[in-house]
Every structure is written in structure tokens, then in C-alpha cells.
Amino acid sequence: METQVSSRMKKFLLVMNCIILAIGNCGGPLITRLYFIKGGKRIWLSSWLETAGWPIILIPLAFSYFNRRKSQDKMLATYDNNNNNNNNNTKVVLMTPRILIASIGIGVLTGVDNYLYAYGVAKLPVSTSALLIASQLAFTAGFAFLLVKQKFTAYSINSIFLLTLGAVVLALHANGDRPNGEPKKEYVLGFILTLGAAALYGLILPLFELMYKKAKQSITYTLVLEIQAVYCFFGTVVCTIGMIINKDFQAISREAKAFELGEGRYYIVIVWSAILWQCFFLGAIGVVYSSSSLVSGILITVLLPATEILGVVFYGEKFTAEKGVSLVLSIWGFISYLYGDVKGSKKTENQYPEQEMIDKTCTP
């Protein structure tokens with residue numbers, strides 16, 4: 001049986017997934033916005049691209065299965081030589097029906113969330129939509145408390161408050177950031193749907209953590225990749241239905257010819273959009289696996305100011321005073337959480353030797 005990874009390996013996976021999440025979290029919104037500002041108009045297509053890159057996951061999965069199969073063959077040979085009949089321990093643990101159903105349900109929610117987010121990016125500057133998504137942390141914290149009994153410290157509460165306040169400051173003065181030619185009604189609807197996307201994804205992250213806790217089987221990183229493939233597939237199915245109804249597939253070739261950057265670059269933008277968004281989703285659930293849904297939500301929120309600045313640099317979006325205040329609050333909130341986490345870690349390390357001596361004393 002494939003066992004859970006060691007503590008050291010989990011730390012390595014946490015760092016790796018943080019890097020993957022950073023690439024997807026910054027690159028995904030930027031390339032989606034590029035699609036819209038250069039002539040793209042299909043919201044369902046943009047939604048579809050957020051999870052359509054799921055076949056990429058099959059590559060590391062195939063590698064994992066190949067290595068696991070080789071390892072099992074060696075174990076079986078050893079058991080046969082020793083006349084050991086406990087071969088059941090070497091069987092591959094597949095995804096249980098419980099996890100499969102949960103992954104499908106999360107996939108459907110993700111498909112809806114894709115559309116809400118894509119609509120917001122289509123109507124709002126990427127810097128504005130990025131800061132609105134910061135409110136996701138408050139939703140993640142609330143749902144984490146309800147679903148997985150997440151424990152909070154004064155520092156984590158202060159961090160959540162500051163990050164959420166940053167989004168509120170932006171919301172109160174957002175109308176002046178409306179792009180030229182964008183109807184006020186469409187802008188307001190984009191604003192509302194972006195907040196809806198933040199709330200829904202704030203629920204999805206704790207649902208992953210709850211699924212890991214209730215799985216009743218060993219949660220390996222291979223299983224995490226399987227979950228990623230399943231839920232992204234069903235998220236893509238939801239968006240595919242939307243594309244069929246909206247006749248987006250028939251419009252792709254026409255849209256490519258009219259794309260400002262050229263037909264060839266249109267398809268490059270499409271492909272990289274799918275790849276970068278897959279990095280985001282893999283990084284997000286990977287951090288949940290390696291740490292918690294709250295940490296994943298905090299990292300997503302912390303990376304938003306970087307996306308905001310990149311939007312100003314690459315697309316010439318306005319950097320208003322409200323965005324500056326929101327950026328400062330976001331950084332302040334992250335520092336607060338980081339300080340509390342470091343302080344908590346030191347406290348645990350200081351207590352550990354004492355606990356170890358107590359355990360040795362009490363051991364007969």
C-alpha cells in the first residue's frame with residue numbers, strides 16, 4: 001500500500017505547491033484579461049479554460065503509477081521468495097466511491113465558480129478583480145471554522161480582518177475605476193459576481209480539507225492528483241454545457257481571426273490560459289493537502305497584490321489611492337499572519353523538549 005508522505009516530504013510539497021500556486025495565481029488572471037482586452041468576448045470559453053487543462057495531470061499520474069508498479073513488483077518478488085502470503089498489503093489503494101462523489105460535487109461547484117470569476121474578469125480591470133478576490137479569505141476562514149473546526153489566533157484573526165478590509169475599501173470607491181465604454185450595469189454585475197466567486201471558492205477550499213479528513217483512507221499526493229483530475233474534469237463538463245448552449249465552439253475560429261494579436265497568438269493565449277489555471281488549482285489543493293485550507297486561502301490573498309501590480313505594469317491600469325490603501329492592508333495582513341505563525345512555531349519548539357522529558361519520565 002502507498003503510505004502517507006513523511007513530514008519532511010510534506011514540507012517539500014508545501015514549498016513546491018506554493019510556487020505552483022504563485023505562478024497560476026498571478027499568471028491566470030493576467031492571461032484571461034489579455035484575452036478579453038484584445039478582442040475575446042466569450043465568457044463561457046474563458047470559464048472552460050480554467051479547468052480544461054486537467055489532462056496535464058495525467059502526466060505526473062502516469063509517472064507515479066509507473067514508479068508505484070515497479071515498487072510493488074519488487075515487494076511481491078520479495079514476499080514470494082519468503083513464502084509470505086500477506087500480498088494484500090501491496091495492492092493499490094484506489095479512490096473510494098466516497099471521495100469520487102465528493103470530487104464530482106466539488107467539480108460542479110468549481111464549474112459555476114469559473115463562470116462567476118470569468119464574468120468579473122471580463123468586466124473589471126485585473127487589478128480590481130484581484131483585490132476583490134481578497135475577500136475570499138474571510139469566506140475561507142468562516143467555512144473552515146464551520147466545516148473543519150479551524151483554530152484561530154489573535155494574529156490570524158487580525159490578518160483576516162485586514163485583508164477583508166482592503167477589499168471593502170476598494171469596493172466603496174470602485175465605480176471610478178470602470179473601464180472606458182463599460183456600461184455601469186455590466187460593471188456592477190461584474191463586481192457582484194466576482195465577490196460571489198470569492199465566496200464560492202472560499203467554500204471549496206475547506207471542502208477539500210473536509211474530504212481529506214473524512215476520506216477513511218490514506219491520503220497520498222497521488223490521490224490528491226487523482227482528485228484534481230476528477231474535479232477539474234467535471235468543472236470542465238459544466239462549462240462545456242454552457243459553451244454548447246452559447247454556441248462558443250462555433251465562434252472560436254471567427255474570434256481567432258478577429259483577435260488583435262493575430263490568429264496564431266489567439267491559440268497560444270488559449271493554451272497558456274489552460275496551463276496557468278491548472279497550476280493555480282493544483283497549487284491550491286496541494287497547499288490544502290500539505291497544510292490547511294486557511295493557509296491556502298491566505299497565500300492566494302497575499303499573491304493578489306502582485307497580480308494587481310502586474311496589471312498596472314502590463315496593461316496600464318490605473319493605480320488609484322484606494323488600490324494603494326488596499327495593497328498596504330493586504331501586506332500588513334500577511335505580515336500579521338506570518339508573525340503569528342513564526343511565533344507559534346517557536347512556542348511549540350520550546351515546549352517540545354519539556355514534553356519529551358515528561359514522556360520519558362512517565363515511561364515505565
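The values are calculated or read from the model by the stated rules, or taken from the named source; none is laboratory data. Remember, it's a predicted structure, so these values are computed and weren't measured experimentally. For neighbour counting, all protein chains shown are included, and Cβ atoms are generated from backbone atoms with ideal geometry for every residue, glycine included. Side chains included, ligands, DNA and RNA excluded: accessible areas come from the protein's heavy atoms. Shrake-Rupley method; radii C 1.70, N 1.55, O 1.52, S 1.80 Å.
Assorted remarks:
- For residue 8 and residue 161, the FRET efficiency from 1/(1 + (r/R0)^6), where r spans their Cβ atoms and R0 equals 25 Å, is about 0.15.
- Shape of the stretch 105-163, Cα gyration tensor, a/c cut at 1.5: oblate
- Remark: spin-label model distance residue 152-residue 62 equals 4.6 nm, labels positioned 7 Å along the Cα→Cβ axis.
- Between the stretch 104-164 and the stretch 264-280, the alpha-carbon center distance in angstrom: 23 Å
- Extension gain, residue 268 back to residue 104 (0.36 nm per residue minus Cα-Cα distance, nm): 56.1 nm
- Percent accessible area from carbon and sulfur atoms, the stretch 244-303, protein chains only, probe 1.4 Å: 64 percent
- Segment residue 186-residue 312, length gained on full extension (0.36 nm per residue, minus Cα span): 43.2 nm
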